[in-house]
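Below is one structure, written out as structure tokens; the observations come after it.
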Amino acid sequence: MSETLTDRQFEIIEAAGNILTQSGVSGLTIKNLAKEMKFSESAIYRHFSSKEKIIIALLEYLANDMDKRFKTALSIDLPIESKFKILFQNQFFFFNDNQHFVVAVFSDGLLEESDAINDCIREIMAVKMKHLKPIIEEGQKEKIFSNDIPVEDMMHIIMGTFRLQMYKWRVGNFLFDIIKEGDKMINSILKLIKV
């Protein structure tokens, strides 16, 4: 993951996220970004050499931010079931306030954009799995979670459910309450994986 963004670079990736939310990948051009920020196109290029670099910076920022948030949230000594809930609730609250990150991760056409963008999206998934895996392992060790399903398979099932929920929210134009629906999803997953 890359170095820290400058304040101006952060403003640019937020503006890019807003354009992605309103117009999709095809609407995210340097020209539209400059117009949104009331900058010249050359001013954008002073901070990022291309649209791809802006998207990569946005995704890398998300991966770094997720990692920090999860470390902080999971550092508290809580029962394993509470840690499981916190991991997902943390994301639902964050995305509820920062919808442009959902659009960046779930935009049609974004995945085909470049290998570097795909690597960033894989990194976001790796961060989530890095924090989820020890929770599942500990839950299985303490016989709270079922041992009938291997840890890796359980992670894929849980992550797939989470991604589907976020995708439904994205394609539904954020019209349902992701925090409320997310809590329902968390409780349903726990019913499935608990002993």
* Can you pull the percent of the chain's accessible area that's carbon plus sulfur, 1.4 Å probe, other chains left in place? -> 51 percent
* In square nanometres, what is one fourth of the surface area of the convex hull spanned by the alpha carbons of region 1-151? -> 10.0 nm²
* So who's got an amide H within less than 5 Å of the one on K194, skipping anything under 5 residues away but keeping other chains? H placed 1.01 Å off N, in plane. -> S146
* Under Karplus coefficients 6.51, -1.76 and 1.60, residue-wise ³J(HN,Hα) of region 34-42 in Hz, glycine/proline x -> 4, 5, 4, 8, 6, 10, 7, 4, 5
* Asked: N173 label point, 7 Å along Cα→Cβ, cut-off 18 Å on backbone N: hits in region 85-105?
  -> 99-100, 102-104
* **region 89-195: C-alpha gyration tensor shape, a/c 1.5 cut-off, then a/b vs b/c** => oblate
* Structure fact -> Reported to the nearest 10 Å², T4 has, with a 1.4 Å probe, an accessible area equal to 120 Å²
* If the cut-off is a Cα-Cα distance under 12 Å, which aspartates and glutamates reach K51, setting aside same-chain residues fewer than 8 apart in sequence? -> E41, E113
* Straight-line reach from K141: which lysines have Cα under 19 Å away, leaving out those fewer than 8 places along the same chain? -> K83, K85, K130, K133, K191, K194
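The values are calculated or read from the model by the stated rules, or taken from the named source; none is laboratory data. Quick caveat, the model's predicted, so the values are computed rather than measured. So basically every Cβ, Gly included, is an ideal-geometry build from the backbone, and we count neighbours across all protein chains shown. These accessible areas exclude ligands, DNA and RNA; they are computed on the full protein's heavy atoms, side chains included. Shrake-Rupley method; radii C 1.70, N 1.55, O 1.52, S 1.80 Å.
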